[in-house]
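Presented below is the structure to which this report refers.
The values are calculated or read from the model by the stated rules, or taken from the named source; none is laboratory data. For clarity, every value in this text was computed on a predicted model and none was experimentally measured. We place every Cβ from the backbone using ideal geometry, glycine too, and count neighbours over all the protein chains shown.
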Amino acid sequence: MTRIQNTFAQLKAQGRKALIPYVTAGFPFADVTPELMHAMVDAGADVIELGVPFSDPMADGPVIQKAGDKALAFGIGMVQVLDMVRDFRQKDAATPVVLMGYANPVERYDQRHGADAFIRDAAAAGVDGVLIVDYPPEECVEFAGKLRANGMDLIFLLAPTSTDQRMRQVAEVASGYVYYVSLKGVTGAGTLDTAAVEAMLPRIRSHVNVPVGVGFGIRDAATAQAIGRVADAVVIGSKIIQLIEDQPRDQVAATAGGFLRGIRQALDA
């Protein structure tokens with residue numbers, strides 16, 4: 001059982017829902033990420049999604065695009081992201097970390113460091129899962145198998161436009177959890193329709209036998225609580241990025257932690 005699977009099993013036994021914050025690695029300061037990750041865990045995060053900066057993040061809205069651009073300007077790439085996970089693991093051996101990003105940085109890493117170097121080095125650093133937005137499930141069977149052999153899960157996005165066939169394809173290779181994108185469009189866009197999410201989840205679960213997290217558009221305790229009633233996990237990204245982007249270095253972790261405590265209390269209420 002992977003760390004992600006174990007975390008969801010424990011939460012289910014407790015009757016609780018997973019809180020999964022997303023932050024861009026190296027934002028808003030190049031050296032703040034491990035400290036920020038610890039603060040989010042202290043505030044009640046169950047899994048952390050760590051965004052790998054990329055110059056053409058097609059699924060991300062302007063908030064996360066801007067964060068990625070700033071991190072890239074600091075020189076943050078896959079090597080630095082894995083270093084951040086290693087740093088985090090020195091004090092936290094339990095909280096799952098998922099790298100979320102795009103194919104280019106992964107494939108570039110292998111070009112520079114050798115075939116399957118990303119899988120080897122991610123596992124050694126303490127990564128638990130990988131979500132690559134532009135990897136279609138039908139092309140990921142071998143990659144998913146190699147990840148699982150190294151104790152990592154491959155996580156996929158599903159959307160309101162996903163067909164039953166696409167859900168079945170995802171179900172064949174996904175592990176850990178699936179991430180349901182609750183809105184059509186990019187991260188941080190639009191207003192969340194909780195009734196539409198509630199209607200969609202039974203359809204997803206009829207095909208997929210792993211937990212279902214919901215994200216894109218969750219910005220406050222009320223929407224998190226509403227989604228938490230029907231989903232297995234709540235994913236929050238753009239709102240955290242907005243809250244920390246203009247904070248001084250010494251307030252970044254505290255700001256994110258304070259926000260997430262309110263979300264955690266709402267989910268547990």
field: Tally, over the range 95-112, of residues that are within 14 Å of Tyr135 (Cα to Cα), of a type outside the set (Asp, Glu) and not in a strand (DSSP E or B)
entry: 5
- request: Give the number of residues within the range 93-127 that are farther than 15 Å from Ala144 by Cα, in contact with a helix residue (DSSP H, G or I) (Cβ under 8 Å, 6 or more places away or on another chain), surrounded by 15 or more Cβ atoms within 10 Å (Cβ to Cβ) and touching a residue at least 12 places away in the same chain (Cβ under 8 Å).
  value: 8
field: Identity of the residue in the range 213-269, in a loop (DSSP other than H, G, I, E, B) and touching a Leu at 6+ places or on another chain (Cβ under 7 Å), that ends up nearest to Ala25 (Cα to Cα)
entry: Phe216
field: Answer residue from the range 65-81, given it is over 16 Å from the mean Cα position of the chain (by Cα) and β-branched (Val, Ile, Thr) and is farthest from Phe29 (Cα to Cα) among those
entry: Val79
- request: With the checklist (1) in contact with a Gly (Cβ under 6 Å, 6 or more places away or on another chain); (2) free of Cβ contacts under 8 Å to residues at least 24 places away in the same chain; (3) not charged (D, E, K, R) in hand, flag the one item Ala73 doesn't pass.
  value: (1)
- prompt: Of Arg219, Arg203, which residue is charged (D, E, K, R) and under 19 Å from Val23 (Cβ atoms)?
  reply: Arg219
message: Being hydroxyl-bearing (Ser, Thr, Tyr), buried (at least 23 other Cβ atoms within 10 Å of the Cβ) and touching a residue at least 60 places away in the same chain (Cβ under 8 Å) is the filter here; which residues of the range 152-180 pass it?
response: Tyr177
field: Residue count, the range 233-252 (criterion: touching a helix residue (DSSP H, G or I) at 6+ places or on another chain (Cβ under 7 Å) and surrounded by 21 or more Cβ atoms within 10 Å (Cβ to Cβ))
entry: 8
Which listed residue, of Ile236, Ile244, is within 19 Å of Val133 (Cα to Cα), modelled with pLDDT of 95 or more and aliphatic (A, V, I, L, M): Ile236
